[in-house]
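The values are calculated or read from the model by the stated rules, or taken from the named source; none is laboratory data. Everything numeric here is computed off the predicted structure, so don't read it as measured data. Methodologically, a virtual Cβ is constructed for each residue, glycine included, from the backbone with ideal geometry; neighbour enumeration extends over all protein chains shown. The protein model used for the area step is the full one, side chains on, heavy atoms only, and it has no ligands, DNA or RNA in it. Shrake-Rupley method; radii C 1.70, N 1.55, O 1.52, S 1.80 Å.
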Amino acid sequence: MKTVKIKTLISCLIILSFLSCNQKKEQKVEAIAIAQTEIKLDLLDLQKKNKLGKDTIVTIANDPVYHKQKKYKAVNASLLIKNEIDLTKIDPKNTKIVFECIDGYKPEMPLELFLNANSYLAFQDVDAPKGSNWETILKDGNEMNAEPFYIVYPSVSDKDTHYKWPYNLVKMYLEPLNKSIIELYPLKNRKLESGYVLFKNYCLTCHSINRIGGTMGPELNEPKSVTEYWKEKELVDYIVNPASFRNKVKMPTLGITKQQSQEIVDYLKYMSENKKKL
């Protein structure tokens, strides 16, 4: 009888040990998955190490930045992501890719959409004037350069706003798809959801709230919300038409209505009362 109990005890210990090992393995895999979603790809560093991949020539029928047909020397961007990040450790459907540009512009899109597109990382403009790697970009009276990298899609329409075409690109990284939703969604007042959606679609790539978003424009909520030092009516008008307030303003005309601008401002007022705790 005692022998049976001892055998039973030993069996239980073995099972517990097995379960514990499995749990640790699962935790390790989960930790790896989390770490993978935070990996940043430093494109200049990869280029220096000759790890971007095989280059080719791609043609863009109607480039949305240059507004004409363009040819570039480029590498396959989707393949680069797959080579540098173990995608078996993450769920592409619930992950987004974020593009970090020199000027602080930070657009993003679903990773699955990006991987399924015929995306390329351009590193040289074939049509550039002799002695230059890139043709100058003219935008709102300002001259800009696309270097060092520019994401292009030979098979995607320039009218499809689901795809991002960032230039001045230096880094790419992955984040959970719902990160900004968790941090910035107006949970305490869901009537402001339309303002949140407008801000997310039109403003978040250039501006941050609670340190989430782009850095091309100023942070809008910390330490003071823009709604705390701008007159509300003027802020609404400014968002609709920035050029009517400032000469050579960097902020573009978004093409939104005054009502939509008011919804954005109402959302910003809500966020002024929901600053991130330091």
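Summary table below
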item	result
Unique match (being more than 24 Å from residue 212 (Cα to Cα), free of Cβ contacts under 8 Å to residues at least 40 places away in the same chain and either among the acidic types (Asp, Glu) or in contact with a helix residue (DSSP H, G or I) (Cβ under 6 Å, 6 or more places away or on another chain) (or both)) among 125, 160	160
Output for the stretch 40-56, where each listed residue is of a type in the set (D, E, K, R), without any contact (Cβ under 8 Å) to a residue 60 or more places away in the chain and crowded, with 16+ Cβ neighbours inside 10 Å	none
Residues located in the stretch 157-169, provided they are under 21 Å from residue 52 (Cβ atoms) and either assigned to a loop (DSSP other than H, G, I, E, B) or at pLDDT below 90 (or both)	163, 164, 165, 166
Matching residues, the stretch 248-278, being in contact with a Pro (Cβ under 7 Å, 6 or more places away or on another chain) and surrounded by 17 or more Cβ atoms within 10 Å (Cβ to Cβ)	251, 267, 270
Residues being under 25 Å from the mean Cα position of the chain (by Cα) and open to solvent by 20 Å² or more (accessible area, probe 1.4 Å) - total across the stretch 221-247	4
Residues that are out of contact with any Lys or Arg (no Cβ under 6 Å at 6 or more places or on another chain) and of a type in the set (S, T, N, Q), drawn from the stretch 197-220	201, 208, 215
Failed item in (1) buried (at least 19 other Cβ atoms within 10 Å of the Cβ); (2) not polar (S, T, N, Q); (3) not in a strand (DSSP E or B), with residue 172 passing the rest	(3)
Among residues of the stretch 127-143, those that are in a strand (DSSP E or B) and exposed (fewer than 15 other Cβ atoms within 10 Å of the Cβ), counted	4
Some residue of the stretch 63-83 being under 15 Å from the mean Cα position of the chain (by Cα), β-branched (Val, Ile, Thr), modelled with pLDDT under 90 and under 28 Å from residue 208 (Cα atoms)	no
Some residue of the stretch 199-220 being surrounded by fewer than 12 Cβ atoms within 10 Å (Cβ to Cβ), under 21 Å from the mean Cα position of the chain (by Cα) and either over 18 Å from residue 107 (Cβ atoms) or among the acidic types (Asp, Glu) (or both)	no
